[in-house]
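A short worksheet on the structure shown next.
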Amino acid sequence: MAATATDTADFGVTGLAVMGANLARNLARNGYTVAVHNRTNEKTDAFIKDFGSEGAFVAAHDVASFVASLKRPRSILLMVKAGKPVDDVIAEIVPHLEAGDILIDGGNSFFGDTRRRTKDLEAKGFRYIGAGVSGGEEGALEGPSIMPGGTEEAYRAIEPILTKIAAHVDGEPCCTYIGADGAGHYVKMVHNGIEYADMQLIAEAYDMMRQMLRLGATEIGDVFARWNEGDLDSYLVQIAAEVLHKHDDRSGKPLVDVILDEAEQKGTGRWTSQSALELGVPLTTITEAVFARSLSGRKAERVKASGILTGPAKRFGGEDKDMRIVDDIRDALYASKIVAYAQGFEQMKAAAKEYDWKLDLGTISTIWRGGCIIRARLLRRIKEAYDADPALDNLLLAPYFAKAVIDAQRAWRRVVVQAVDAGVPVPAFSSALAYYDGYRRERSPANLIQGLRDYFGAHTYRRTDGDG
């Protein structure tokens, strides 16, 4: 129920869209008194009307009373759109704060902005946390994965609250201190990049079964449901099966068949790829997933091109249907998924070196086991790999993952070849395989590239015999 503004709240949440509202409800359900505020009073009032019975809330209609309602030192969670809106809210709140108060940005902010804000606010005596929060609206309410970055002292002050509202797996909270300034938002950014790759790989697997085998949505949903009982067990494979089994109430058709084939994006995948380019990390699978979304957005052009550009005459399906390819797709999906994770973890390792963060990659994999979108059985294997070798250069070098991709490669290659022959685009599958083949090469064709660079630009080169 709503309390009066004279009451003291344990925690404040400003920004009551779905994620902010559900995190506020999560806090209240866990026994905290929560001050709630939104830029528009109507949303604050609607929140209290709909959810006020779930716990102790203090509703505030202005920033001054919102801040005043909080116990000192104050802890305030900002759940607003990334970019300028975060700066605007901070500017509005700061005049009402006192030294030692903590601001927590729980949105998908760019890590560079978080580094800047941390520096600015701590110079003024405030404490700042950039916390990646994953799990969608359900996770926010029931328990998300939380990735807080900032000064460790600031995190320890709010650790009891964050770990209590986070998801828990095997009795452990899916929340831990990530590192200084923008580390939390960086790790969340890479999480989202892996999420892009994972969804693209699932979409390509669906597309191959649909186009090459002519399976219906429900049949493919059954395949994903079976896969989810094995090594591919994950939240995304689980919900892929559920989406494919769902029918549209209006038309009676499978829901997936009436959804427009344009995938939107909010920027975190693109940021992940941009950062990888700056760090020199070959983030091929995640970047292909970003490009695939961009291509999906050119719907009108694709419709036009479909009437002009031709593909191969060879098609699968009908009497030629060979269900053995389904098992090959499963193996190829698992191998490609491993590559996507390997690239993401390689990127986090490079970022830790570049920004002087002490990232514990094994622990990060642990807090992704629950609450977040990419939670999967695979993450337990990643934790085991880093427990065995904390300095591991690449997940593909860990015994379990090396064996997994080696065992899958024959199926992986068959799938890519058959997709190419059938004219079904598989940019994520094929780029993951190309990365694997490139990574395992002792000698690459880059010697010719360097020779060409020296020829036209006098860039010089190093010799294999070490003589100059």
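Quick check: net charge around THR460, other residues with Cβ under 14 Å of its Cβ, Lys/Arg +1 and Asp/Glu -1?
My count for the surroundings of THR460 gives +1.
Could you give the Stokes-Einstein D for the stretch 250-358 in µm² per second, using the C-alpha Kirkwood radius, 37 °C, 0.692 mPa s? List each step's numbers first, then the result.
Working: Rh = 17.6 Å.
The Stokes-Einstein estimate is 186 µm²/s.
After finding the eigenvalues of the alpha carbon gyration tensor for the chain, what semi-axes result from the square roots of 5 times each, listed largest first in whole Å? Walk me through the intermediate numbers first.
Values: eigenvalues 354, 168, 82 Å².
Equivalent ellipsoid of the chain: 42, 29, 20 Å, largest first.
Between MET323 and ALA99, 0.36 nm times their residue separation minus their Cα-Cα distance comes to what?
Here the answer is 74.1 nm.
Once you treat every alpha carbon in the stretch 272-316 as an equal point and sum by Debye, what is log10 I(q)/I(0) at q = 0.14 Å⁻¹?
Normalising to I(0) and taking log10 leaves -0.55.
Whenever you get a sec, compute what percent of the accessible area on the chain sits on carbon and sulfur atoms (1.4 Å probe). Working shown, then result.
Values: 11520 of 22210 Å².
After summing per-atom areas, the C and S share lands at 52 percent.
Between rounded, prolate and oblate, where does the stretch 321-468 land on the alpha carbon gyration tensor, with a ≥ b ≥ c its root eigenvalues, rounded for a/c under 1.5, else prolate if a/b exceeds b/c?
Working: a/c = 2.25, a/b = 1.16, b/c = 1.94.
Oblate, since a/c reaches 1.5 and b/c is not below a/b.
Semi-axes of the equivalent ellipsoid of the stretch 52-142: what are they in whole Å, largest first, if each equals the square root of 5 times a C-alpha gyration tensor eigenvalue?
The three semi-axes for the stretch 52-142 are 21, 19, 11 Å.
Quick one: the Cα spread of the stretch 307-399 along its three principal axes, in angstroms, biggest first?
56, 31, 28
What do you get when you divide the Cα radius of gyration of the stretch 135-220 by 2.2 N^0.38 Å, with N the number of residues?
Relative to the rule-of-thumb radius for its length, the stretch 135-220 sits at 1.52.
Can you give the FRET efficiency to the nearest 0.05 for ALA123 and GLU278, using r as the Cβ-Cβ distance and R₀ = 35 Å?
0.85
Give me the log10 of I(q) over I(0) for the stretch 61-199 at q = 0.09, 0.11, 0.18 Å⁻¹, as the Debye formula computes it from C-alpha points; what are the numbers?
-0.25, -0.38, -1.02
Can you tell me what percent of all Cα-Cα pairs in the stretch 75-128 are more than 12 Å apart?
Numbers: 883 of 1431 pairs.
Beyond 12 Å sits 62 percent of the P(r) for the stretch 75-128.
Tell me the Kirkwood radius of the stretch 1-122: reciprocal of the mean inverse pair distance over distinct alpha-carbon atoms, in Å.
14.2 Å
If you line up the long axis of helix 41-51 against the longest principal axis of the chain, both from Cα atoms, how many degrees apart are they, to the nearest 10?
80 degrees
In degrees from 0 to 90, rounded to the nearest 10, what is the angle of the helix 235-245 Cα long axis to the longest principal axis of the chain?
70 degrees
Given a 1.4 angstrom probe, what's the average accessible area per residue across the stretch 32-188, in square angstrom?
Value returned for the stretch 32-188: 39 Å² of accessible area per residue.
Give the average over all directions of the projected area of the C-alpha convex hull of the stretch 40-84, one decimal, in nm².
Spelled out: convex hull of the Cα atoms, projected over all directions, averaged, 4.1 nm².
Give me the angle, in degrees from 0 to 90, between the Cα long axis of helix 427-439 and the longest principal axis of the Cα atoms of the chain, rounded to the nearest 10.
80 degrees
Using only Cα atoms, locate the centre of the stretch 65-103 and the centre of the stretch 156-173, then give the distance between them in Å, rounded to an integer.
First find each Cα centre; the distance between them is then 22 Å.
Provide the FRET efficiency to the nearest 0.05 for the LYS253-GLU229 pair, computing r from the beta carbons and using R0 = 30 Å.
After rounding, the FRET efficiency stands at 0.65.
At 222 nm, what value in deg cm²/dmol follows for the chain if DSSP H runs of at least 4 each add -39500 (n - 2.57) and the sum is divided by all its residues, to the nearest 500?
Calculated at 222 nm, the ellipticity per residue is -17500 deg cm²/dmol.
If you take the square roots of the eigenvalues of the alpha-carbon gyration tensor of the stretch 145-278 and sort them as a ≥ b ≥ c, do you get rounded (a/c under 1.5), prolate (a/b over b/c) or oblate?
Working: a/c = 2.67, a/b = 1.93, b/c = 1.38.
In terms of gyration-tensor shape, prolate.
The values are calculated or read from the model by the stated rules, or taken from the named source; none is laboratory data. Predicted model, so just to flag it, every value in this text is computed and none were measured. Every residue, glycine as well, gets a Cβ built from its backbone with ideal geometry; the counts of neighbours run over all protein chains shown. Heads up: the accessible areas ignore ligands, DNA and RNA and are worked out on the full protein's heavy atoms, side chains in. Shrake-Rupley method; radii C 1.70, N 1.55, O 1.52, S 1.80 Å.
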